[in-house]
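*Asks:* Below: one structure in structure tokens.
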């Protein structure tokens, strides 16, 4: 998918699947291309990638028909603009909790390159000139805006966040959200499950994509689909490599596969 196809799928409720690509190796893109993914997720919040590597990855995956969605290090509109200029099809902003943060990101992603007082006026509800409105609406200008919902305060302001025009999806940050809920890494805990259902339901009711980055339990991921999620970042290149190598080596050494070992590895 390209950026336009991805954002329209998110709003329509169509299921889309990606994975986290940590490696900048030039061998990965062609290998990943044939796996059935709709997009790739590149994380600059937790992974050390320089700007040149990131831009190379974005342009390469985009050229192969896999929209590169980049998580920026902080919910900073200038960081968002930088990665979009480097070739990203869209951004994920981490740990968003307020309407003001989403509005600022909307300005960077949906109204670029307008800045300053002109941007403030547009974000405040001013009507753009007809030619400017047409400029924003060009298909090639479409970029995806996703924000991480990772805390109890974010859930409390979720209705306001979802009302921001141009927001394409919300994505649960499972580790941070479970910690904020007081049940760290307990993803089957009733508190986490109820929070996830609330986020999925509210997002879909607002016509916004609803997603999660997950990898421990495929059955639980299927339950998230049943509960309304349509944006999935499944595992990562590193975790999938580890899981498969662990399983294969155990089989070679013992003649037995270990489903439990594979689950722990991913």
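The values are calculated or read from the model by the stated rules, or taken from the named source; none is laboratory data. Note that the coordinates shown come from a computational prediction; the quantities given were computed from them, not determined experimentally. Please note: Cβ atoms are built from the backbone with ideal geometry, for glycine as well, and neighbour counts cover all protein chains shown.
*Asks:* Go over the candidates 105, 84 one by one and state the one that is buried (at least 20 other Cβ atoms within 10 Å of the Cβ), under 13 Å from residue 166 (Cα atoms) and modelled with pLDDT of 95 or more.
*Replies:* Exactly one of 105, 84 is buried (at least 20 other Cβ atoms within 10 Å of the Cβ), under 13 Å from residue 166 (Cα atoms) and modelled with pLDDT of 95 or more, namely 105.
*Asks:* Sort out which residues of segment 159-174 are within 23 Å of residue 43 (Cβ to Cβ), touching a helix residue (DSSP H, G or I) at 6+ places or on another chain (Cβ under 7 Å) and part of a helix (DSSP H, G or I), and write them in order of number.
*Replies:* If the condition is that a residue be within 23 Å of residue 43 (Cβ to Cβ), touching a helix residue (DSSP H, G or I) at 6+ places or on another chain (Cβ under 7 Å) and part of a helix (DSSP H, G or I), then 161 is the only one that fits.
*Asks:* Identify, by number, the condition in (1) more than 14 Å from the chain's Cα centre (by Cα); (2) at pLDDT 95 or above; (3) surrounded by 17 or more Cβ atoms within 10 Å (Cβ to Cβ) that residue 37 doesn't meet.
*Replies:* Answer for residue 37: the failing condition is (1).
*Asks:* For residue 18, are the conditions met, namely being buried (at least 19 other Cβ atoms within 10 Å of the Cβ), out of contact with any strand residue (DSSP E or B) (no Cβ under 8 Å at 6 or more places or on another chain) and touching a residue at least 24 places away in the same chain (Cβ under 8 Å)? Break it down stepwise before answering.
*Replies:* Values: buried (at least 19 other Cβ atoms within 10 Å of the Cβ): yes; out of contact with any strand residue (DSSP E or B) (no Cβ under 8 Å at 6 or more places or on another chain): no; touching a residue at least 24 places away in the same chain (Cβ under 8 Å): yes.
Considered against the rule, which asks whether it is buried (at least 19 other Cβ atoms within 10 Å of the Cβ), out of contact with any strand residue (DSSP E or B) (no Cβ under 8 Å at 6 or more places or on another chain) and touching a residue at least 24 places away in the same chain (Cβ under 8 Å), residue 18 comes out as no.
*Asks:* From the residues in segment 41-80 that are more than 30 Å from residue 98 (Cβ to Cβ), touching a residue at least 40 places away in the same chain (Cβ under 8 Å) and not in a helix (DSSP H, G or I), which one is farthest from the chain's Cα centre (by Cα)?
*Replies:* Taking the candidates together, the pick is 65.
*Asks:* Taking residue 5, is it in contact with a strand residue (DSSP E or B) (Cβ under 8 Å, 6 or more places away or on another chain) and surrounded by fewer than 17 Cβ atoms within 10 Å (Cβ to Cβ)?
*Replies:* In short, no.
Here is a yes/no grid of residues against (1) modelled with pLDDT under 95; (2) within 22 Å of residue 171 (Cα to Cα); (3) touching a strand residue (DSSP E or B) at 6+ places or on another chain (Cβ under 7 Å); (4) surrounded by fewer than 11 Cβ atoms within 10 Å (Cβ to Cβ):
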| position | (1), (2), (3), (4) |
| --- | --- |
| 91 | no, yes, yes, no |
| 94 | no, yes, yes, no |
| 112 | yes, no, no, no |
| 122 | yes, no, no, no |
| 125 | yes, no, no, yes |
| 142 | yes, yes, no, no |
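*Asks:* Here's a follow-up. Looking at 171, 231, 162, 167, which one is surrounded by 15 or more Cβ atoms within 10 Å (Cβ to Cβ), over 15 Å from the mean Cα position of the chain (by Cα), closer than 24 Å to residue 75 by Cβ and modelled with pLDDT of 95 or more?
*Replies:* Testing whether each residue is surrounded by 15 or more Cβ atoms within 10 Å (Cβ to Cβ), over 15 Å from the mean Cα position of the chain (by Cα), closer than 24 Å to residue 75 by Cβ and modelled with pLDDT of 95 or more leaves just 162.
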